[in-house]
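Asker: My structure is below; once you've seen it, I'll send some questions.
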Amino acid sequence: MSAAQAVEAVFRIESARIIAGVARIVRDVGIAEEIAQDALVAALEQWPQTGVPDRPGAWLTATAKHRAIDLVRRKETYARKLAEVGRTLEDVPPPPEPADPEDIDDDLLRLIFTSCHPVLATEARIALTLRLMGGLTTPEIARAFLTSEATVAQRIVRAKRALAKAGVPFEVPYGADREGRLSSVLEVIYLVFNEGYSATAGDDLVRPALCEDALRLARVLAALMPQEPEVHGLTALLEFQASRIAARTGPDGEPVLLADQNRARWNRMLIHRGARALGRAGSGPYSVQAAIAGCHAAAVRYEETDWPRIAALYGRLVRLVPSPVVELNRAVAVSMAEGPEAALPLVDALAQEPALSAYHLLPSVRGDLLERLGRTAEARAEFERAASLTRNEQERTLLLGRAARL
């Protein structure tokens with residue numbers, strides 16, 4: 001591996017920690033990222049001549065922190081000179097002293113709470129978190145979400161400006177503010193994973209790299225906040241879901257339905273990790289979803305799935321977070337536990353929900369129920385309608401194929 005390749009590999013792994021450590025000193029994530037990039041440039045200039053250090057991550061961190069401290073000192077000097085020239089100017093308080101250099105975990109926690117701050121729009125939170133915590137480049141984020149690099153770059157720049165303008169403190173919230181802020185962090189990680197697990201648009205059903213990024217963020221958060229049950233609930237959910245990724249698509253990327261998946265391809269290590277995280281989860285929405293995913297993971301064969309328990313868990317989830325999408329999922333579980341005739345009225349009751357008017361899974365589920373009831377002409381129409389609503393090419397092909405077979 002060349003020195004340049006080593007620099008890029010180490011920076012991808014260590015960038016979040018470097019930015020977090022610097023942000024604690026300068027109190028601005030935008031400036032912190034710029035300083036981290038300066039350290040990267042310094043490594044690219046020096047390592048080819050001096051060789052890769054024994055502890056490359058520590059080298060990058062130390063270089064970035066030295067530059068951050070120099071910046072703070074320059075600002076202090078400038079402030080003192082202003083005070084000497086014009087005594088009427090307000091005194092500029094010195095920045096807090098840098099904490100222990102080993103206090104990295106707290107820095108990461110501050111960074112993830114800052115990048116997911118509710119002052120930012122959801123799209124901005126996702127882009128900034130993937131950039132700062134996930135170490136993804138702007139082109140990588142753009143490819144993952146099928147948008148232009150210019151759009152992603154603009155979101156990131158605006159997010160940094162918004163954080164600076166709002167004076168968002170680089171800290172972990174406590175008290176009443178913590179719950180709301182934590183839910184924002186969990187939502188970002190959940191949305192990133194879901195976009196990778198079932199892409200809303202494009203040619204691929206699954207984007208494993210996004211799932212891996214989200215799962216890594218969830219694991220980091222679980223390690224940083226071991227006393228938060230919902231953090232473990234989300235981690236368990238993502239571990240269980242990630243365990244099935246390899247079996248969700250066929251050789252040509254076509255979707256493989258849950259009933260048809262080769263469970264030998266499910267990742268048993270991830271299932272084990274999911275079960276362990278579920279043991280530390282609580283009773284919140286992510287924890288309940290994790291329990292549902294755990295039921296699927298525990299079934300060696302599709303026929304052994306505990307559908308009555310899954311239906312009951314969905315009933316609990318509906319009470320926690322009333323949502324037509326959750327109601328639709330509950331209807332699917334009811335159809336498996338009690339038969340399609342019991343579930344069809346539940347699905348029909350959702351037909352007038354505005355939130356589901358363009359949701360392709362509603363006619364897809366209804367088509368499946370009608371097919372099982374032998375009402376093939378109606379089922380075919382529903383599958384065709386579902387195909388017209390989805391923006392994912394693989395899903396469209398699957399739905400049109402089901403319609404054609406009827």
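Asker: Does A331 qualify as being over 25 Å from the mean Cα position of the chain (by Cα), buried (at least 16 other Cβ atoms within 10 Å of the Cβ) and on the phi < 0 side of the Ramachandran plot?
Answerer: yes
Asker: So, one more: Return the pairs, sorted by first residue and then second, in which the second residue is assigned to a helix (DSSP H, G or I) and not basic (K, R), the first residue lies in the range 97-116 and is open to solvent by 60 Å² or more (accessible area, probe 1.4 Å) and modelled with pLDDT under 80, the beta carbons are less than 6 Å apart, and the residues are 6+ apart or on different chains.
Answerer: Once the first residue is open to solvent by 60 Å² or more (accessible area, probe 1.4 Å) and modelled with pLDDT under 80 and sits in the range 97-116, its partners that are assigned to a helix (DSSP H, G or I) and not basic (K, R) give D105/L224.
Asker: From A236, A290, A281, A275, grab the single residue that is part of a loop (DSSP other than H, G, I, E, B), in contact (Cβ under 8 Å) with a residue 12 or more places away in the chain and among the hydrophobic types (A, V, I, L, M, F, W, C).
Answerer: The conditions single out A281.
Asker: Go through (1) closer than 23 Å to V119 by Cβ; (2) of a type in the set (A, V, I, L, M); (3) surrounded by fewer than 20 Cβ atoms within 10 Å (Cβ to Cβ); (4) over 12 Å from the mean Cα position of the chain (by Cα) and name the single condition V231 misses.
Answerer: The single condition V231 does not satisfy is (3).
Asker: Out of the helices (runs of 4 or more DSSP H) lying entirely within the range 129-224, which hold 2 or more residues that are of a type in the set (S, T, N, Q)?
Answerer: Here the list reads 149-166, 176-197.
Asker: Turning to a different aspect of this structure: Of all residues in the range 184-215, which are open to solvent by 60 Å² or more (accessible area, probe 1.4 Å) and among the hydroxyl-bearing types (S, T, Y)?
Answerer: The answer is T200, and nothing else.
Asker: Against the definition (touching a residue at least 12 places away in the same chain (Cβ under 8 Å), out of contact with any Gly (no Cβ under 7 Å at 6 or more places or on another chain) and more than 26 Å from L361 (Cα to Cα)), how does A164 come out, yes or no?
Answerer: no
Asker: Separate question: Consider the range 392-401. How many of its residues are open to solvent by less than 40 Å² (accessible area, probe 1.4 Å) and outside any strand (DSSP E or B)?
Answerer: Selection size over the range 392-401: 4.
Asker: Inspect all residues belonging to the range 35-42 and state whether any of them is open to solvent by 10 Å² or more (accessible area, probe 1.4 Å), among the polar types (S, T, N, Q) and out of contact with any Leu (no Cβ under 7 Å at 6 or more places or on another chain).
Answerer: yes
Asker: Of all residues in the range 10-28, which are over 11 Å from A43 (Cβ atoms), surrounded by fewer than 24 Cβ atoms within 10 Å (Cβ to Cβ), among the hydrophobic types (A, V, I, L, M, F, W, C) and under 23 Å from the mean Cα position of the chain (by Cα)?
Answerer: I13 - this is the single residue of the range 10-28 that is over 11 Å from A43 (Cβ atoms), surrounded by fewer than 24 Cβ atoms within 10 Å (Cβ to Cβ), among the hydrophobic types (A, V, I, L, M, F, W, C) and under 23 Å from the mean Cα position of the chain (by Cα).
Asker: Evaluate the range 245-263: report whether one residue or more is open to solvent by 40 Å² or more (accessible area, probe 1.4 Å), part of a helix (DSSP H, G or I) and either farther than 23 Å from R309 by Cα or touching a residue at least 60 places away in the same chain (Cβ under 8 Å) (or both).
Answerer: Yes: the range 245-263 contains one or more residues that are open to solvent by 40 Å² or more (accessible area, probe 1.4 Å), part of a helix (DSSP H, G or I) and either farther than 23 Å from R309 by Cα or touching a residue at least 60 places away in the same chain (Cβ under 8 Å) (or both).
Asker: A follow-up question, please. Tally up the residues in the range 348-375 that are of a type outside the set (S, T, N, Q), more than 29 Å from the chain's Cα centre (by Cα) and farther than 22 Å from A293 by Cβ, please.
Answerer: Adding up the residues that qualify gives 12.
Asker: Give L130, L146, L163 a once-over and let me know the one that is at pLDDT below 90 and within 20 Å of D28 (Cα to Cα).
Answerer: L130
Asker: I've got another one for you. So is R273 among the basic types (K, R), under 19 Å from the mean Cα position of the chain (by Cα) and more than 24 Å from A142 (Cα to Cα) or not?
Answerer: Judged against the criteria, R273 is a match.
Asker: Condition first: out of contact with any helix residue (DSSP H, G or I) (no Cβ under 6 Å at 6 or more places or on another chain) and assigned to a helix (DSSP H, G or I). Now tell me which residues in the range 17-37 satisfy that.
Answerer: I31, E34, Q37
Asker: Looking at L313, L320, L406, L389 in this structure, which one is touching a residue at least 24 places away in the same chain (Cβ under 8 Å) and crowded, with 19+ Cβ neighbours inside 10 Å?
Answerer: L313
Asker: Restricting the search to the range 133-183, which residues are of a type in the set (S, T, Y), open to solvent by 50 Å² or more (accessible area, probe 1.4 Å) and closer than 24 Å to I13 by Cα?
Answerer: T137
Asker: Only one of V29, V7, V85 is at pLDDT 80 or above and among the β-branched types (V, I, T). Can you tell me which?
Answerer: Among V29, V7, V85, only V29 is at pLDDT 80 or above and among the β-branched types (V, I, T).
The values are calculated or read from the model by the stated rules, or taken from the named source; none is laboratory data. In this text the structure is predicted, and so the values were computed from the model without any measurement. All Cβ positions, glycine included, derive from the backbone under ideal geometry; neighbour counts span all protein chains shown. With ligands, DNA and RNA removed, areas are computed over all heavy atoms of the protein, side chains included. Shrake-Rupley method; radii C 1.70, N 1.55, O 1.52, S 1.80 Å.
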